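K.L.:
The structure under discussion is supplied below as structure tokens; questions concerning it will follow.
The values are calculated or read from the model by the stated rules, or taken from the named source; none is laboratory data. Because the structure is a prediction, the values reported are computed rather than measured. In this analysis, Cβ positions are derived from the backbone assuming ideal geometry, glycine residues included, and neighbour counts consider all displayed protein chains. The accessibility values were calculated without ligands, DNA or RNA, using every heavy atom of the protein model including side chains. Shrake-Rupley method; radii C 1.70, N 1.55, O 1.52, S 1.80 Å.
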Amino acid sequence: METTSGLFFFLAPWIVFAPLVGLLINLAIGQRLGEKGIGAVAASASGFAFVTALLQLYSLSVHPEGALVKVAEWIHIGNLALDWTFRVDTLSVTMMLVVSGVGTLIHIYAIGYMHEDVRFKHDVPRYRRFFVFLNLFIAAMMILISGDSYMMLFVGWEGVGLCSFLLIGFWYDMDTLGRPSWANSNAAKKAFITNRVGDFGFLIAGFLMFWYMGSFQFDAVFAAAPEVAHAEPWVITAITIFMLVGVAGKSAQIPLYIWLPDAMAGPTPVSALIHAATMVTAGVYLVTRSWPIYGLTHDGQYIVSTIGAVTALFAATIAVGQYDIKKVLAYSTISQLGFMVAAVGMGAFVAGMFHLITHAFFKALLFLSAGSVILGMERGHHHLPHGDHHEVFDPGDMRNMGGMRKTMPVTFWVYMIGTLALAGIFPFAGFWSKDEILLDAAKVFPHVYIMLAIAAFFTAFYMGRQIWMVFFGEARHAAAEHAEESPQVMTIPLMVLAALSILGGALNLPGVHTLTHWLEHSVHLAEHEGEVAAWLQVSWGGLNPIVALISTVAALLAIYLSWLLYGRNPLKAGQPDPLKKPLGPIFTGMENKWFIDEAYWFVFVDRYVDLANFLAQKVDWDFWHEWFHNSVIARGFVGLTRFLADPVDLGVVDRVSYWLSDLVKASSESLRKLQNGFVRSYALSVLLGVVAILGYLLFK
Amino acid sequence: MVSVNYYLALSAILFTIGALGVLIRRNALVIFMSVELMLNAANLVFVAFAREYGVFSGQIFVFFVMTVAAAEVAVGLALIVTIFRSKQSIDVDEMNSLKG
């Protein structure tokens, strides 16, 4: 402990307590604080968490081994000892900085965004609830990333799931267009239930871990893992696979990604914070945290990596066919999460974490800018003559937009920066992180590399398509024509995030590798062993020029292609997508998400409803109510009571009592004659009795 | 000295007369007097045996019996007076309201 004196490790719990205090203040007196006060409290609570994270960063730079800060005893049963301990190491602090940093910016942005959102939807009191949920999310996410055991991580894991549910269903009584409907709350339920499937996998992984390694605590599990891997190798593979189910749920991977596009029903800051920048990366964090386990199983790595790559490619193709500005970004998020999962799956933990960080920057930026665009459309729509207000208007549909670079210049520029960063154009943040993943993939799993490279091509294409459709050409709806730029409280966080999206690559530049050296203290990095093709061995300080060139050329080509299709001849109002004709059914598939939702609906939901109907109608009603209750219980009971009433009660009990009463009656009839009322006859009886007794006594 | 047998015989005669009086007579007052006769027959036996054996306990018992008899007469006469007030008669055969 002496070595950590003068450092700030002991403050680590405030990373959770600060947002909790913020939400309690807002719960208690938020109504009196007013909108400005609520936003200020929530944002400064998150900011305080960020400052705490910065202090941890400083402490780690002095003492990179980190520290364990125990807050409370939690579960102590037999050999199991679980505490609420904060694990401060380079990995968790990296996550803390991303979550609280991006979180704080999004809090500030949300002050402006929600101010207008609650007004456009005519429900001002919801403003406070939003910030309470948002702070609760920060607290839960911090528990997740700071926990020292899988169980503590799971507490946060469930906590963020709850917050996600609450915030997706924030406008629970309407659909995304504001019409009365259960669509949004159904989206929330979809997210929650899909995540339950994933959590089931997580729990099984946890049980296996406890059964074979005897602990949930990270260090203890990791220490026991090699022995288990030697004795029972299948256990490690099973743990990684079941954990992957959890990861697939939380980080939206195949086959459980379906909830994330629907999660766009939540307000846009939520989409940015929870469903793009932080919560969905929890799965990536989990795999990174479990590096000693994943490092022990090649099969597990192969499966995780392949799932990630397939997801990346699959989601990217869907993103090409979407018209909703947020849906494109949602599928893009799934795709990018696929990149990260593929990276951490194959053991490229630093590349995965690096991409996680840069993705948090530019995807938060893109979502927030999309929110700004949507609000700009709303404002434009608000200014239209009154007759138009009653038509159903979708402010998020890119087919309604166009030419918005003139009306919303700031948003346009930051959106461009985010796009270039996501597309992986040099020198923006995404270039460096994506390139690192691609290089590692090329070395370890070539098939993953090919899929990811194609996905990167699609990424650049759909982002280019989005830019041309939203910001260039002519306005396809009067609302886009009258759109207005957002206030500074929203644009300043956008600019900060834009700066981070430009400079984020500096975290781990080739040759310097700041992040690699930083994470080395938490994650042991093994060099890939095995044959590596000669062209992959070229290294400019860790950067492979060929891989970088291929992905850059592909990205530029994709953007050029998108310009040919969408930029050169801008879409006219009502005109179908130019890809529709040449691609035909393929584009219909992309447009309709390859009908995965319908397929899931058919395979799982309908079958489940059928089963529920069968159980309700046949088993519960027909069998239990109709047959069992009526035939067995009711009839049986009537039969039993009839038996008891007729032969038993009437036949036996009554007859005995009648006989007794008759006997008493008959005997008393004859005995009453003795009571004749003549006192002298009583006296004679007494005399005779006395004589009899004396006679007996004398002559016995 | 007179033999105790004479006293016993006298006592038996008195007791029989008393018992017959109780059984035969209908006048409540006479029945009471017959009861007194029976009590005194018993007293005579007590006294006779006390004298025969030279102990006092018999005489003491007699005092008790006389006291109880006095108390009984007091209660009994009160009852007879009350009965007479309601029935204008002290014929025991007419007191038969409790017959079965």
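K.L.:
More than 28 Å from the chain's Cα centre (by Cα), surrounded by fewer than 22 Cβ atoms within 10 Å (Cβ to Cβ) and modelled with pLDDT of 80 or more: which single residue out of A:529, A:520 fits that description?
P.N.:
Answer to the check: A:520.
K.L.:
Quickly run through region A:500-523 and pick out the residues that are in contact (Cβ under 8 Å) with a residue 40 or more places away in the chain and part of a helix (DSSP H, G or I).
P.N.:
A:500, A:501, A:502, A:503, A:504, A:505, A:507, A:508, A:515, A:516, A:518, A:519
K.L.:
May I pose another question? For region A:257-269, state whether one or more residues are surrounded by fewer than 22 Cβ atoms within 10 Å (Cβ to Cβ) and touching a residue at least 60 places away in the same chain (Cβ under 8 Å).
P.N.:
Within region A:257-269, one or more residues are surrounded by fewer than 22 Cβ atoms within 10 Å (Cβ to Cβ) and touching a residue at least 60 places away in the same chain (Cβ under 8 Å).
K.L.:
May I ask you to verify whether residue A:435 is among the acidic types (Asp, Glu), touching a strand residue (DSSP E or B) at 6+ places or on another chain (Cβ under 9 Å) and under 22 Å from residue A:271 (Cα atoms)?
P.N.:
Spelling it out, it is not the case that residue A:435 is among the acidic types (Asp, Glu), touching a strand residue (DSSP E or B) at 6+ places or on another chain (Cβ under 9 Å) and under 22 Å from residue A:271 (Cα atoms).
K.L.:
To continue, here is another question. Residue A:626 fails exactly one of the following numbered conditions: (1) surrounded by 11 or more Cβ atoms within 10 Å (Cβ to Cβ); (2) within 14 Å of chain B (Cβ to nearest Cβ). What is the number of that condition?
P.N.:
(2)
K.L.:
The conditions are (1) under 24 Å from the mean Cα position of the chain (by Cα); (2) open to solvent by 10 Å² or more (accessible area, probe 1.4 Å); (3) under 20 Å from residue A:519 (Cα atoms), and residue A:91 fails exactly one of them. Which is it?
P.N.:
Condition (2) is where residue A:91 drops out.
K.L.:
If you don't mind, another one. In region B:76-100, what residues are in a helix (DSSP H, G or I) and surrounded by fewer than 10 Cβ atoms within 10 Å (Cβ to Cβ)?
P.N.:
B:85, B:86
K.L.:
Something else: Given the conditions (1) within 14 Å of chain A (Cβ to nearest Cβ); (2) out of contact with any Leu (no Cβ under 7 Å at 6 or more places or on another chain); (3) of a type in the set (A, V, I, L, M), and given that residue B:19 satisfies all but one, which numbered condition is not satisfied?
P.N.:
For residue B:19, the exception is condition (2).
K.L.:
If a residue must be among the β-branched types (Val, Ile, Thr) and surrounded by fewer than 19 Cβ atoms within 10 Å (Cβ to Cβ), how many such residues does region A:191-221 contain?
P.N.:
Number of matching residues: 3.
K.L.:
Restricting the search to region A:302-328, which residues are closer than 11 Å to residue A:459 by Cβ and either within 22 Å of the chain's Cα centre (by Cα) or among the aromatic types (Phe, Trp, Tyr) (or both)?
P.N.:
Answer for region A:302-328, where residues must be closer than 11 Å to residue A:459 by Cβ and either within 22 Å of the chain's Cα centre (by Cα) or among the aromatic types (Phe, Trp, Tyr) (or both): A:312, A:313, A:315, A:316, A:319, A:328.
K.L.:
Condition test on residue A:437, is it open to solvent by 20 Å² or more (accessible area, probe 1.4 Å) and either assigned to a loop (DSSP other than H, G, I, E, B) or touching a helix residue (DSSP H, G or I) at 6+ places or on another chain (Cβ under 7 Å) (or both)?
P.N.:
Considered against the rule, which asks whether it is open to solvent by 20 Å² or more (accessible area, probe 1.4 Å) and either assigned to a loop (DSSP other than H, G, I, E, B) or touching a helix residue (DSSP H, G or I) at 6+ places or on another chain (Cβ under 7 Å) (or both), residue A:437 comes out as no.
K.L.:
Hey, among the residues in region A:571-603 that are more than 24 Å from residue A:330 (Cβ to Cβ) and not polar (S, T, N, Q), which one's least open to solvent (accessible area, probe 1.4 Å)?
P.N.:
Looking at residues that are more than 24 Å from residue A:330 (Cβ to Cβ) and not polar (S, T, N, Q), I get A:584.
K.L.:
Check residue B:60 against each of (1) within 14 Å of chain A (Cβ to nearest Cβ); (2) without any contact (Cβ under 8 Å) to a residue 24 or more places away in the chain; (3) open to solvent by 40 Å² or more (accessible area, probe 1.4 Å) and name the one condition it does not meet.
P.N.:
(1)
K.L.:
What are the residues in region A:134-173 that are outside any helix (DSSP H, G or I) and open to solvent by 20 Å² or more (accessible area, probe 1.4 Å), if any?
P.N.:
Hits for region A:134-173 are A:172, A:173.
K.L.:
Take residues that are charged (D, E, K, R) and tell me which of the helices (runs of 4 or more DSSP H) falling wholly in region A:260-363 contain 1 or more.
P.N.:
A:282-289, A:298-320, A:325-345
K.L.:
How do the pairs read when you match residues in region A:662-684 that are facing chain B (nearest Cβ under 9 Å) with residues anywhere that are among the charged types (D, E, K, R) and open to solvent by less than 60 Å² (accessible area, probe 1.4 Å), using Cβ under 9 Å and keeping only pairs 6 or more apart or on different chains?
P.N.:
A:677/B:93; A:678/B:93; A:679/B:93; A:680/B:93
K.L.:
Got a sec? Which of A:655, A:680 is over 60 Å from the mean Cα position of the chain (by Cα) and open to solvent by 60 Å² or more (accessible area, probe 1.4 Å)?
P.N.:
Just one listed residue meets the conditions, A:655.
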